[in-house]
1. I'd like to check which helices (runs of 4 or more DSSP H) are fully inside the range B:20-73 and have at least 2 residues that are exposed (fewer than 15 other Cβ atoms within 10 Å of the Cβ) and more than 7 Å from chain A (Cβ to nearest Cβ).
2. With respect to the numbered conditions (1) at pLDDT 90 or above; (2) surrounded by fewer than 19 Cβ atoms within 10 Å (Cβ to Cβ); (3) in contact with a helix residue (DSSP H, G or I) (Cβ under 6 Å, 6 or more places away or on another chain), which one is the sole condition not fulfilled by B:E312?
3. Does A:T80 count as facing chain B (nearest Cβ under 10 Å) and of a type outside the set (A, V, I, L, M, F, W, C)?
4. Between residues in the range B:221-240 that are assigned by TED's automatic domain parsing to the domain that holds B:P108 and residues that are surrounded by fewer than 13 Cβ atoms within 10 Å (Cβ to Cβ) and outside any helix (DSSP H, G or I), which pairs lie under 8 Å by C-beta distance while being six or more apart or on different chains?
5. Which residues, counting only those in the range B:153-201, are surrounded by fewer than 22 Cβ atoms within 10 Å (Cβ to Cβ), closer than 27 Å to A:A34 by Cβ, small (G, A, S) and at pLDDT below 90?
6. Picking from A:S45, A:S39, which residue would you name as being over 29 Å from B:S129 (Cα atoms) and away from every other protein chain (no Cβ under 12 Å)?
7. Does A:I259 qualify as being surrounded by fewer than 21 Cβ atoms within 10 Å (Cβ to Cβ), modelled with pLDDT of 70 or more and within 11 Å of chain B (Cβ to nearest Cβ)?
8. Considering each residue of the range A:119-141, count those that are over 28 Å from B:L300 (Cα atoms), outside any helix (DSSP H, G or I) and among the hydrophobic types (A, V, I, L, M, F, W, C), and give that number.
Amino acid sequence: MKTTLGQKLFTVVNYVVLTAAAFTMIAPLLQMLAVSLSSPVAADSKKVFLLPVEWTADSWIYILHRQDLWQSFGVTVFITVVGTLVSVLLSVLTAYPLAHAKFLIRKHVMFGIVITMIFNAPLIPFYMTVKSLGLLDSIWSLILPGAIGTFNMVIIRTFFMGIPSELEDSAQIDGCHDFRVLFQIYMPLSKPVLATVSLFYAVGYWNTFQRAILFIRDSDLHPLQVKLREYIMTPETLEVADMLGNIGYNTTTLKAATIIFAATPIILAYPFLQKYFVKGAMLGSLKE
Amino acid sequence: MAYSHEMPRQANRKRESGNRYLKNVRKHWMLYLMILPGILFYIVFKYVPLAGSIITFQDYQIMKGIWASPWVGLDNFKFIFSYPDFWKVLRNTALIALYQLVFGFPAPIVLALLFNEIRGMVMKRTYQSIFYLPHFLSWVVVGGIVFELLATGGIVNVVRGWFGYEPVLFMQQEKMFRSIVVISGIWKEIGWGTIIYLAALAGINPNLYEAAVVDGASRWKQTLYITLPSLLPTITVLFLLRIGNFLELGFEQIFNLLTPMTYSVGDIIETYVYRAGVLQGQYSMTTTIGLFQSIIGFILLWIFNRLARKTEQGLW
């Protein structure tokens with residue numbers, strides 16, 4: 001293919017635009033990291049630009065010693081691990097019958113589920129339902145009300161429908177019942193899709209915020225995102241003693257450090273996870 | 001098909017089909033057992049709240065509960081329509097939704113087209129990985145970053161300072177708020193939004209481009225006459241899905257960017273419902289607002305789906 005001058009020019013401009021835009025994706029995080037590692041004087045006197053000025057790890061040492069931050073970290077880890085397990089199990093159990101023609105009411109059930117995607121209940125009746133189940137101020141209110149994500153369940157179902165039925169038939173001739181077929185044939189075959197869906201759920205649980213401010217008053221049960229918001233909006237809770245002058249942190253650097261703290265697990269897991277995510281997003285878009 | 005036998009046959013069929021379901025349950029009871037928790041989930045957390053929306057016709061009182069609260073007919077609807085706060089909140093929601101649609105919706109399409117012009121696979125993957133990252137951060141994190149970057153000592157004011165501009169209090173200014181919402185939304189979701197378009201782009205038959213090259217079409221012409229038309233069905237579906245949730249902007253984004261100083265321009269239905277409903281206990285009124293929001297979404301979806309069916313195919 002011949003390339004004209006215009007095309008060459010376009011290619012160059014394209015790379016420049018994309019590189020600049022890509023930079024804006026990374027720069028805010030770099031800036032936060034830089035501020036968290038700078039001295040409070042440098043952070044407040046507008047000297048920090050993507051690189052730390054007057055290096056100090058004091059902010060990090062301070063926040064990593066905060067009991068309440070670790071408490072909320074623990075809550076978040078719990079709901080991420082247990083919630084993901086519950087969600088994947090429930091989704092798989094729901095998807096398997098819905099992927100089988102021999103399950104006579106599958107069309108009716110699918111219809112009933114799709115309806116809930118179109119007609120979402122308003123917030124208040126949802127809140128009242130959770131309240132009347134006695135789940136307020138219970139850690140389960142962060143897991144059960146959103147246990148099945150319809151989108152994720154449909155991804156699994158679509159994948160299950162693509163598994164050749166011969167496998168199942170021969171297993172059933174050998175006397176395998178449906179639960180065994182699901183756990184010993186279907187699930188091992190769908191490892192990639194289960195990995196994707198688990199990650200979707202896990203990120204959702206890690207980032208839990210709205211449900212927590214709706215359902216949880218007890219601050220011991222606040223997940224990390226709520227704790228972070230509290231630090232950002234009311235920095236007094238960070239109890240900074242920077243009037244003494246000789247301490248290497250203040251609210252600006254501490255806020256930056258907690259922001260990076262809350263984002264770190266996602267960023268660390270990201271390179272290794274992202275290929276699964278993209279596959280999943282495409283699988284979801286191919287349903288129908 | 002003997003039509004004269006229709007009546008008795010139908011009755012027969014009905015009885016048979018009843019039997020059919022019963023037989024199915026007996027034969028595949030394990031499947032029914034398996035799906036039971038899932039069905040319970042949908043009933044308890046989706047259908048019960050949907051049914052609970054009935055308090056929109058009540059003057060719901062927490063002490064009396066749903067069974068004893070007095071019925072008031074359409075009073076709640078009349079009330080919200082005569083309530084100035086409601087119109088303010090609706091206006092804010094509709095304006096932000098409109099800006100997001102105008103600026104936010106096309107953004108991933110443009111980015112996907114730019115990605116599409118990258119030839120090297122490794123380069124393409126690298127760019128994509130970078131652009132997908134913000135999608136996975138929570139709005140609390142992103143909101144926190146926005147506040148810090150736009151603070152008087154933040155990086156944006158640092159850069160402004162280099163050019164001799166005075167620092168600006170971005171987050172406290174009413175006229176800035178909606179732009180900040182739209183831009184931060186684009187920043188977070190632009191990369192992730194390209195995935196579906198990239199999948200559609202990968203599905204375009206390469207023969208089309210080869211034929212266009214033979215006919216002497218430039219890259220720009222190819223984009224205009226092959227790429228964009230091929231994307232149109234995907235764009236239509238995503239547009240309709242967006243329209244269906246037109247007024248649902250996402251609670252977490254706005255809530256994490258909003259301060260009392262920007263309520264007048266940034267308080268949206270979802271944040272208002274949270275404050276007036278959950279925090280202040282005005283259950284019936286806020287449920288009515290929530291229902292109103294869904295009804296508008298459904299009407300818009302219906303209208304635009306009809307329009308879409310005239311040229312393209314719609315959702316149904």
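The values are calculated or read from the model by the stated rules, or taken from the named source; none is laboratory data. These numbers were taken from a predicted model, which means no experiment stands behind them. So basically every Cβ, Gly included, is an ideal-geometry build from the backbone, and we count neighbours across all protein chains shown.
1. Working: elements: B:29-42, B:48-52, B:65-68.
Correct list: B:29-42, B:65-68.
2. Only one criterion is unmet by B:E312, namely (1).
3. Numbers: facing chain B (nearest Cβ under 10 Å): no; of a type outside the set (A, V, I, L, M, F, W, C): yes.
For A:T80, the condition - facing chain B (nearest Cβ under 10 Å) and of a type outside the set (A, V, I, L, M, F, W, C) - is not met.
4. Correct list of pairs: B:S230/B:G203; B:P233/B:Q313; B:T236/B:Q313.
5. B:G153, B:G161, B:G164
6. From the options A:S45, A:S39, the qualifying one is A:S39.
7. No.
8. 3
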